[in-house]
Amino acid sequence: MQPGTLTRPELTLADRCDRCGAAAKVRAVLPKGGELLFCGHHARAHADKLRELEVDVQQG
């Protein structure tokens, strides 16, 4: 790991989908900062848009 590099913690059972409140399975890290958490259903539903925006998608 390089000095100054930040890593995000693994998703836990406490992490919830920002759309529906179900258990989060995917973290979408936005290019300009911030993140969104999605359940599997909403991650699939928004996958095309996330790719279009070049979001870093991390499976949990």
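The values are calculated or read from the model by the stated rules, or taken from the named source; none is laboratory data. On a predicted model such as this, the values are computed, not experimentally measured, just so you know. We place every Cβ from the backbone using ideal geometry, glycine too, and count neighbours over all the protein chains shown. These area figures cover heavy atoms from the full protein model, side chains too; ligands, DNA and RNA do not enter into them. Shrake-Rupley method; radii C 1.70, N 1.55, O 1.52, S 1.80 Å.
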message: Can you pull out every residue in segment 26-46 that is under 15 Å from residue 12 (Cα atoms) and of a type in the set (Val, Ile, Thr)?
response: 26
task: Mind counting the residues in segment 47-60 that are out of contact with any Lys or Arg (no Cβ under 9 Å at 6 or more places or on another chain), outside any loop (DSSP other than H, G, I, E, B) and open to solvent by 90 Å² or more (accessible area, probe 1.4 Å)?
output: 4
- prompt: Of all residues in segment 9-22 being farther than 11 Å from residue 60 by Cα and assigned to a loop (DSSP other than H, G, I, E, B), which is least open to solvent (accessible area, probe 1.4 Å)?
  reply: 17
- prompt: Of the residues that make up segment 24-33, is at least one in contact with a Ser or Thr (Cβ under 8 Å, 6 or more places away or on another chain), open to solvent by 60 Å² or more (accessible area, probe 1.4 Å) and not acidic (Asp, Glu)?
  reply: no
- prompt: So residue 44 fits all but one of (1) touching a residue at least 12 places away in the same chain (Cβ under 8 Å); (2) surrounded by 11 or more Cβ atoms within 10 Å (Cβ to Cβ); (3) of a type outside the set (A, V, I, L, M, F, W, C); what number is the exception?
  reply: (1)
task: Those residues that are modelled with pLDDT of 95 or more and more than 11 Å from the chain's Cα centre (by Cα), I need them from segment 16-33; list them, please.
output: 19, 20, 21, 22, 23
